[in-house]
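Student: Pasting a structure here, questions to come.
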Amino acid sequence: MRFGVVTFPGSNCDHDAYHVIKHVVHRDVEFLWHKDTDLSGVDAVILPGGFSYGDSLRCGAIARFSPIMESIKDFANAGGPVIGICNGFQVLTEAGLLPGALLRNQGLTFICEDAWLSVDNGHLPWTGHCPEEIVAPIAHHDGCYFADDETLARLEGEGRVAFRYCDRNGNVTPEANPNGSLNNIAGIVNERGNVLGMMPHPERNAEAELGDASGAWVFRSVVRSFLEGEVGR
Amino acid sequence: MRIRVHVTPRVGVLDPQGKAVAGGLKSLGFNEVGEVRVGKVIDVTVEGLSEEQALERGRAMAKQLLANEVVEDFDVHVSAN
C-alpha cells in the first residue's frame, strides 16, 4: 500500500505525515505536489496541516482550486481513502468533499494542546482499529466545527462523527470542548466513510517519544481496511 | 468599475469576533450596543462590463469563492469607481 501526502504552498505538516507513514506504519509514501494533476497511483491520500496559501480569504478556500484537487475529488468519489488533518480538513470542507465549515475558535485564541478524542464510530476505515480513545494534539485558530441543523442531524444519524473531544476519562463534556465545535465534533467522514476530516493531529502522537502513540492507530486502521479490501478504489 | 462584496456571518452562525467587539464597545461606554457581527469587504476592480454584467459577475465570484455560503451571506454592489 502506497500513500501520497499533498504539499500545498504553506503546508507544514507534510513531512510529519510522511515520516509516520514511512517509519512508524512502514508503508510506502511519496509527496504529491499541488500542481500535479495525477495521484501517481497512490492508494491513500493525506491532506496535511499547515496554512495553505497563507489562509487567505478563508482557511482552505484557495487550496481547493489547486490542480491536484480535481484528481483527489475523483479518487474520493471512487472510494479511495482520504484524510484531511487540520488545514486538510478545512480544505475538504471548502472543496465540498465534507459538509459544514470550520469557524474561528469560540474563545478567539489559537489553541495548541493535547486533545483527548473519543472514537465515536469505530467501524470506519480510518478508525476500525483505534482504541476507544486516542490523544492527538490540536494546533489551530479556526477549528470550531459548524453545520446547519439538518446536516448535523444527518451526520449524527448516519454515524458519521468519527471523533469527539472528550476529557481524560473519555467523557464528552462541554468543558472538554476546546473550540466550541458543535456536539464536540473533532472529526467527521463522508457518506461512504472513506473520506475523514479531523482538526487534531494524529501524526503528532504516533510514537512513544511524543506521547502514548495512540494517533498511529488512525493510519494503521486504514492500512488494515485497505489490505482487507474494505476501502480503496 | 468596482464590485464591492460584503460578506457577513449567516444568521444563526456563531460569531465570536462580533461578540468580542460588542464586549469592547460596551466597556468603552457604548451601552446601547446590542449584537455585533463582523464580516469583510472585498473590492474587485473590473473593466469592460456594464453595470448589470458587473453585478452578475460579482454574484458569481461571491458564490464560487468570495463567500462560503455554508456559514456566510453576501451582498454585491457596483459603483463607477
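The values are calculated or read from the model by the stated rules, or taken from the named source; none is laboratory data. If you're wondering where the values come from, they're calculated on a predicted model, not measured in any experiment. So basically every Cβ, Gly included, is an ideal-geometry build from the backbone, and we count neighbours across all protein chains shown. Keep in mind that these areas ignore ligands, DNA and RNA; they rest on the heavy atoms of the full protein, side chains included. Shrake-Rupley method; radii C 1.70, N 1.55, O 1.52, S 1.80 Å.
Student: For region A:1-144, just the Cα set please: Rg and Dmax, both in angstrom.
Tutor: 14.8, 42
Student: Same structure again: D for chain B, whole µm²/s, Stokes-Einstein with Kirkwood Rh over alpha-carbon pairs at 25 °C and 0.890 mPa s: what number?
Tutor: Values: Rh = 14.1 Å.
For the chosen part, D equals 174 µm²/s.
Student: Excluding same-chain residues fewer than 8 positions from B:LYS63, which lysines have a Cα within less than 16 Å of its Cα?
Tutor: B:LYS40
Student: Within 10 Å of each Cβ of B:62-70, how many other protein chain Cβ atoms are there on average?
Tutor: Numbers: counts 0, 0, 1, 7, 3, 3, 9, 1, 11.
Mean shielding count: 4.
Student: So which residues of region B:8-26 lose at least 30 Å² of accessible area, probe 1.4 Å, when you go from the chain by itself to every protein chain present?
Tutor: Checking the loss per residue gives B:VAL13, B:LEU14, B:PRO16, B:GLN17.
Student: GNM on chain A, C-alpha springs below 10 Å: top fluctuator among A:GLY128, A:GLY84, A:GLY49?
Tutor: A:GLY128
Student: With a 1.4 Å probe on protein heavy atoms only, work out how much accessible surface A and B bury together, total over both chains, in Å² to the nearest 100.
Tutor: Working: alone 9640 and 5780 Å², together 14170 Å².
What A and B bury together is about 1300 Å².
Student: So, one more: Please report, as a whole percent, how much of the solvent-accessible surface of region A:85-227 comes from carbon and sulfur atoms (probe radius 1.4 Å).
Tutor: On the way: 2420 of 5350 Å².
Carbon-and-sulfur percentage of accessible area, whole number: 45.
Student: Something else: Within the set of other residues whose C-beta is less than 13 Å from the C-beta of A:PHE31, count the net charge using Lys and Arg as +1 and Asp and Glu as -1. Display every interim value, and only then the final one.
Tutor: On the way: positive: A:ARG2, A:LYS22, A:LYS35; negative: A:ASP14, A:ASP16, A:ASP28, A:GLU30, A:ASP36.
After counting each charged neighbour, the total is -2.
Student: I've got another one for you. To the nearest 500 deg cm²/dmol, what mean residue ellipticity at 222 nm is calculated for the protein assembly as shown from DSSP H runs of n ≥ 4 alone, each contributing -39,500 (n - 2.57), summed and divided by the residues?
Tutor: Working: 7 runs with 69 residues, N = 314.
The per-residue figure over the protein assembly as shown is -6500 deg cm²/dmol.
Student: How many angstrom lie between the C-alpha centres of region A:77-112 and region A:20-48?
Tutor: Using only Cα atoms, the two centres lie 19 Å from each other.
Student: Still on this structure, please answer the following. Among A:ALA206, A:ALA176, A:ALA186, which one shows the biggest mean-square fluctuation in a GNM of chain A, springs joining Cα atoms closer than 10 Å?
Tutor: Looking only at A:ALA206, A:ALA176, A:ALA186, the largest GNM fluctuation is found for A:ALA176.
Student: Continuing with the same structure: Over chain B, give the accessible area per residue in Å² for a 1.4 Å probe, as an integer. Show your work: numbers first, answer last.
Tutor: Details: 5150 Å² over 81 residues.
Averaged over the residues of chain B, the accessible area is 64 Å².
Student: When DSSP beta bridges are limited to those with both residues in the protein assembly as shown, what percentage is antiparallel, rounded to the nearest 5? Can you show the working numbers first?
Tutor: On the way: 36 of 52 bridges.
Roughly 70 percent of the beta bridges in the protein assembly as shown run antiparallel, per DSSP.
Student: For B:LYS19, which aspartates and glutamates qualify as cross-link partners when the Cα separation must be under 13 Å and same-chain residues fewer than eight apart are set aside?
Tutor: B:GLU35
Student: Counting only protein heavy atoms, what percent of the accessible surface of region B:1-73 is carbon or sulfur at a 1.4 Å probe? Intermediate values should be presented prior to the final figure.
Tutor: Details: 2370 of 4620 Å².
Here carbon and sulfur together make up 51 percent of the probe-accessible area.
Student: Compute the long axis of helix B:16-27 from its Cα atoms, compare it with the longest principal axis of the Cα atoms of chain B, and write down the angle in degrees, 0 to 90, nearest 10.
Tutor: Roughly 50 degrees between the two axes.
Student: Also, quick follow-up: Quickly rank A:38-45, A:220-227 as a protection proxy: mean count of other C-beta atoms within 10 Å, highest first. Mind showing how you got there, number by number?
Tutor: Numbers: A:38-45: 18.4, A:220-227: 20.2.
Ranking, from highest mean packing down: A:220-227, A:38-45.
Student: Which order do A:TRP126, A:TRP116 take when ranked by solvent-accessible area (1.4 Å probe, heavy atoms of all protein chains), largest first?
Tutor: Largest to smallest exposure gives the sequence A:TRP116, A:TRP126.
Student: Could you work out the relative contact order of chain B? I mean the mean sequence separation of Cα pairs under 8 Å and 6+ apart, divided by the number of residues, in percent. Can you show the working numbers first?
Tutor: Values: 115 pairs, mean separation 42.4, N = 81.
Relative contact order comes out at 52 percent.
Student: OK, next. When you take every Cα atom in the protein assembly as shown, what is the radius of gyration, and what is Dmax, the widest Cα pair distance, in Å?
Tutor: 20.4, 65
Student: How much accessible area per residue does region A:2-227 have, counting only protein heavy atoms and a probe of 1.4 Å, in square angstrom? Don't skip to the end; give the middle numbers.
Tutor: Values: 8470 Å² over 226 residues.
About 37 Å² of surface per residue is accessible.
Student: Between B:LEU14, B:LEU49, B:LEU28, find the one with the highest GNM mean-square fluctuation for chain B; connect C-alpha pairs within less than 10 Å.
Tutor: Result for chain B, Cα springs under 10 Å: B:LEU28 fluctuates most.
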